[in-house]
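S.K.: Would you mind keeping the following structure in view while I ask a few things?
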């Protein structure tokens, strides 16, 4: 799901009925899922499913480590592992990272941009790249002191943090109006990170069936110019499509109208708003013309006469903003004629899981 890769280890523990951590919901999947009843109920469902036995389900976050906020937290498991295999490296790494944890323990992405000097940003990239190199060089030694599974997981956690730094740098360059960063323009760093994390899952769980839950902007399978901020955007879906080809099956979602939470990230500012009318050349009108009832459609079985339209760029509405996409980027689609805002969590109804550590 669209949550941090290293942090997801604790949520995976939870759905396997293992001991957890304090404030699990907040720390393991972030507010995009934990603030809403459906997100927490989904995790509880996965836990109940695994308790019944049969097919085993894992939860893994596909997104960048730190997920915009706290860098100290995902590094806790990295340090715990390195303590056990290379105490000298762990000591020097903690010293090198200490100044960054002071700045990047809350709103990490923002503080990276406004509080770190260019030299500090470059040094952070070097620290992480050196750490990746050290892990690769000492692979046999580290596995001999632990096991292959733990080594592989921590190695990818480190790469995820390095890709997060790359994304922050990419985003800062795109927002920089004083200097020309045209060769870096676009927010592709996060897409690369998500595709690499998913490819790691494929490599380490070769027999698994994987469901990836992400916003449409990430699951698209073609590059388009998406405006000034996104730039010439190459989505995660396209990077995975190049790797998986026909093994990747993409299901999109279109909705006719309804309401949504505006400014949902801040509860004190959150309010229910009406979803704007879609663009005249948008995809919504076509799907609404098929039926105003909710439905699922296999786009691979559409008449050949419709295929030229599927290959054209069209507009897709995402609540209060729009993206460009070709309908042919999807294999299938859900159409919901009217949507409503998610229900916020009532802590009394769905409290934090008990912690007995």
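S.K.: Taking the beta-carbon count within 10 Å as an exposure proxy, list 160, 90, 149 from fewest neighbours to most.
M.R.: Lowest to highest Cβ neighbour count: 149, 90, 160.
S.K.: Most mobile of 328, 144, 195 per a Gaussian network model of the chain (Cα springs, under 10 Å)?
M.R.: Fluctuation is largest for 144.
S.K.: Rank the residues 19, 70 as a footprinting-exposure proxy: fewest other Cβ atoms within 10 Å of their Cβ go first.
M.R.: By the 10 Å Cβ count, ascending, the order reads 19, 70.
S.K.: How many nm separate the modelled label positions at residue 130 and residue 307, each set 7 Å beyond the Cα in the direction of the Cβ?
M.R.: Simple spin-label model gives 5.6 nm for this pair.
S.K.: What list do you get for 270, 88, 169 if you sort them by fewest beta carbons within 10 Å?
M.R.: By the 10 Å Cβ count, ascending, the order reads 88, 270, 169.
S.K.: Additional query: Could you tell me how far the Cα centroid of region 230-270 sits from the Cα centroid of region 35-81, in Å?
M.R.: 20
S.K.: From the C-alpha coordinates alone, can you work out the Kirkwood hydrodynamic radius of the chain, in Å?
M.R.: Taking the inverse mean of 1/r over all distinct Cα pairs, the chain comes out at 22.2 Å.
S.K.: Gain in length, residue 49 to residue 271, computed as 0.36 nm per residue apart minus the alpha-carbon separation, to one decimal in nm?
M.R.: Contour length minus the Cα-Cα distance gives 76.5 nm.
S.K.: Subtracting the Cα-Cα distance from 0.36 nm times the residue separation, let me have the gained length for residue 148 to residue 17 in nm, one decimal.
M.R.: 44.9 nm
S.K.: Using a Gaussian network model of the chain whose springs link C-alpha atoms within less than 10 Å, name the residue from 272, 217, 192 with the highest mean-square fluctuation.
M.R.: 272
S.K.: Continuing with this model, one more query. Mind pulling the angle between the C-alpha long axis of helix 118-137 and the longest principal axis of the chain? Nearest 10 degrees, somewhere in 0 to 90.
M.R.: Result, in degrees: 80.
S.K.: Which of 48, 289, 203 moves most in a GNM of the chain, Cα contacts under 10 Å?
M.R.: 289
S.K.: On a full-extension model of 0.36 nm per residue, what is the gain between residue 340 and residue 84, subtracting their alpha-carbon distance, rounded to one decimal in nm?
M.R.: 87.3 nm
The numbers here are math on the coordinates, done by the rules we state, and not lab data. The structure displayed is predicted, hence computed values, not measured ones. For neighbour counting, all protein chains shown are included, and Cβ atoms are generated from backbone atoms with ideal geometry for every residue, glycine included.
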